[in-house]
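> Please find one structure pasted underneath; my questions will follow.
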Amino acid sequence: MEEETSFTINMSPIRVWSHLTDFKSFTLWHPIYCFEEVEAEPDKPMPLRYALFRGQYRIKAEATLILAEKPDRICWTIGISGMVIYDETYTFKSVGSGCEVRHAVNYRGLFGRIMSMFSKRGLRATLRAEDGAFVRFLKKEMRSAGSVPNRQRRRAQAARHARKAANDG
């Protein structure tokens, strides 16, 4: 069974791809799993922790990066003891000044079809929750990239905005 969602964000595809391939930051935004290793190489297993049943149970699994076409597509497979195989693909397309992200998931394997039948409604909701968490993370990263860390500069910038607003009045 394959399920797909999409969303658009005002960011270049290369930046979205870079944030998504930063496996260390998955713990900051992904609600279901996080990678235990930060370096990913094609066809090399990466250990991860996977949450089942709304986070009540955590299991260990392995993810294998099978496709990384910068900045167009990234795909990995998560296998749980060879019984369930879960393919996850992100495709990036430049749209105007932003990026359209397509997120697709496919269950395979012995119990994959059974799991997909039981979780058909929940899978789309889960994908939307993952996409929403990723968008919130990206927006937070965009805001923090433009912030001025120096306190004195922040005060001067605020004073300039206040003077400009007073002069506009």
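Each value in this text was obtained by applying a stated rule to the coordinates, not by laboratory testing. As the structure is a computational prediction, the values presented were derived from the model and not from experiment. Counting neighbours? That spans all protein chains shown, and the Cβs are built from the backbone with ideal geometry, glycine included.
> How many nm is it between the label spots at GLU62 and GLU41, if each spot is 7 Å from the Cα in line with the beta carbon?
1.4
> What nm value, rounded to one decimal, do you get for the distance between ARG73 and ARG124 when each label is placed 7 Å out toward the C-beta?
For ARG73 paired with ARG124, the spin-label model returns 2.4 nm.
> Which cross-chain or sequence-distant (5 or more) residues have an amide H under 5 Å from the amide H of GLU36, H modelled 1.01 Å from N in plane?
LEU48, ARG49
> Set the Förster distance to 25 Å, then compute FRET efficiency between LEU110 and ILE32 from the Cβ-Cβ distance, nearest 0.05.
Efficiency, from the Cβ-Cβ distance: 0.75.
> Would you mind calculating the gained length between PHE7 and LEU52 on full extension (0.36 nm times residue separation, minus the Cα-Cα distance), in nm to one decimal? Kindly include the intermediate steps, with their values, before the conclusion.
Details: separation 45, 0.36 × 45 = 16.20 nm, distance 2.49 nm.
Full-extension gain reported as 13.7 nm.
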